[in-house]
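The structure appears below as structure tokens.
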Amino acid sequence: MSGCSTHREFLAAIADGETALVPAATLDHVKHCDECNREIRAHQLLTSKLRQAGVQLEQATPERRLIPSISGRLRVLAAGAAVAIMVAGAGVGWLVLSRPDPVRAAINASSQPLQIESTDASQVGQWCLQASGRTLPAIQLDGMQVVGARMDRTASTDIVTVVYTAPSGARVAVSWLERQTPQGSGVEERDVDGHQLLIVHSEVGTAVIIGSSVDAMWETAAAIESAPT
Amino acid sequence: MSERTPEEEGDLAAQIVSLRPRLLRFAWSLTRDREEAEDLAQEAIARALASQWRFQPGTNLKAWLFRILRNVHLNLLRAAGTHPVVVSIEELVLEPASPHEQNLNPVEARAIERAELRRIADVYRTLPASFAVPLYLTAVEELSYAEAASILDIPVGTVMSRVYRARRLLISRLAGTIS
């Protein structure tokens, strides 16, 4: 049935019985639309299965097992002062790992392999949307070519990194941080652990720019600052 | 004669403590870390027990406890210098459902019907936290959208949008239509 797209975002609310939040036009559309009804039933089935999954939802993921536990360290602390010094060091490392600074996480992400490689900007944009659930701002980068993207999750933020190449061959990685608290607007220049980078706070979001050419990084920052909201 | 539940006893402290497993799961959905989740749940229970007089009888105890836990979590993030996720009323405009998104296709519908619980849990854990948490509160904890909005301190429309997007991501990933 045509016209579903304007109503689709309300289907989950209907499936959950939250009809007071749903426009009357949508409720009316759904009464006569088989496709929307099929999707509502799918949402309900999924909810039912999520409830059944219950405790399984929180079980450890493989990467978690690499991080030492606090209680484990506390037991070691009790064993002796000498060991405690080592464990305290490990504790600092654990805190850094478990609550990473988003900027450092972005630096790390920019050096990791791409998860999608494509010079088609719309394909990369679509992948980013699917992977992160976020629509990335449309930025106009004259002469620069998108080469791919990756998605990283940390304890503090989700990071979507899009990599471009400039006509000069310089590589620029733009890491979009998930909705950070606004810290003013403008471009911030930083040197973090020997990495020269730019942090752009703009109306379209906060991005960390890392690249092999300072000129290309600044051009990218300017494009982000002037991107339409 | 069957044993009486804490609710029947009217013992608020016992009811609070009995909800610890729920608090632990909600804490995990926020932190994705078992140790941090245990600390958070413990702290939330301690604060709830210390301020029982604030709870209004007849309202949802679980939602009240979740709100305390969420506040503890935000305070920890702030203390650690980490900025919490911020959402705004404009979010629905900035982040609408993709106009290219299609209705559920037969492959996706079948994927949900056939999906084992383990597979659903595995895929759920890949969702971004900002989408997974509202879904968790409404789908698993059976809280209303308004209660979830109050706990997360976001507009109810944002909860609706995120629950929808979370389910669509989950469905797509179950169907293997997204790598």
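The values are calculated or read from the model by the stated rules, or taken from the named source; none is laboratory data. Bear in mind the structure is a predicted one, so any value in this text is a computation, not a measurement. Virtual Cβ from ideal backbone geometry, glycine too; neighbours counted across all protein chains shown.
Here B:Ala80 meets each of (1) at pLDDT below 90; (2) over 26 Å from B:Met160 (Cα atoms); (3) touching a helix residue (DSSP H, G or I) at 6+ places or on another chain (Cβ under 7 Å) with one exception, condition (3).
In the set (1) at the interface with chain B (Cβ under 10 Å from one of its Cβ atoms); (2) more than 18 Å from the chain's Cα centre (by Cα), the condition left unmet by A:Ala131 is number (2).
The single condition among (1) buried (at least 19 other Cβ atoms within 10 Å of the Cβ); (2) modelled with pLDDT under 80; (3) in contact with a Ser or Thr (Cβ under 8 Å, 6 or more places away or on another chain) that A:Ser132 does not satisfy is (3).
Looking across region B:24-65 at every residue that is exposed (fewer than 15 other Cβ atoms within 10 Å of the Cβ) and small (Gly, Ala, Ser), the one that is nearest to B:Ala148 (Cα to Cα) is identified as B:Gly58. Would a scan of region A:86-102 turn up a residue that is modelled with pLDDT of 75 or more and within 14 Å of chain B (Cβ to nearest Cβ)? Yes, that holds for at least one residue. Out of curiosity, is B:Leu74 at pLDDT below 80, surrounded by fewer than 18 Cβ atoms within 10 Å (Cβ to Cβ), outside any loop (DSSP other than H, G, I, E, B) and among the aliphatic types (A, V, I, L, M)? No: the conditions fail for B:Leu74. Taken over region A:131-171, the criterion of being in a loop (DSSP other than H, G, I, E, B) and polar (S, T, N, Q) is satisfied by A:Thr135, A:Gln140, A:Thr154, A:Ser156, A:Thr157, A:Ser168.
For the condition in contact with a helix residue (DSSP H, G or I) (Cβ under 8 Å, 6 or more places away or on another chain), within 16 Å of B:Leu152 (Cβ to Cβ), more than 10 Å from every other protein chain (Cβ to nearest Cβ) and not aromatic (Phe, Trp, Tyr), B:Ile68 qualifies.
The residues of region B:28-43 that are assigned to a helix (DSSP H, G or I) and farther than 12 Å from B:Ala132 by Cα, listed by number, are B:Arg34, B:Glu35, B:Glu36, B:Ala37, B:Glu38, B:Asp39, B:Leu40, B:Ala41, B:Gln42, B:Glu43. Candidates A:Val204, A:Val192, A:Val163: the one that is at pLDDT 75 or above and crowded, with 18+ Cβ neighbours inside 10 Å is A:Val163. A:Asn37 fulfils the conditions (1) within 24 Å of B:Val159 (Cβ to Cβ); (2) at pLDDT below 90 except for a single criterion, (2). Going by the structure shown, is B:Arg165 assigned to a helix (DSSP H, G or I), more than 8 Å from every other protein chain (Cβ to nearest Cβ), in contact with a helix residue (DSSP H, G or I) (Cβ under 8 Å, 6 or more places away or on another chain) and more than 14 Å from B:Phe66 (Cα to Cα)? When the stated conditions are applied, B:Arg165 does not pass them.
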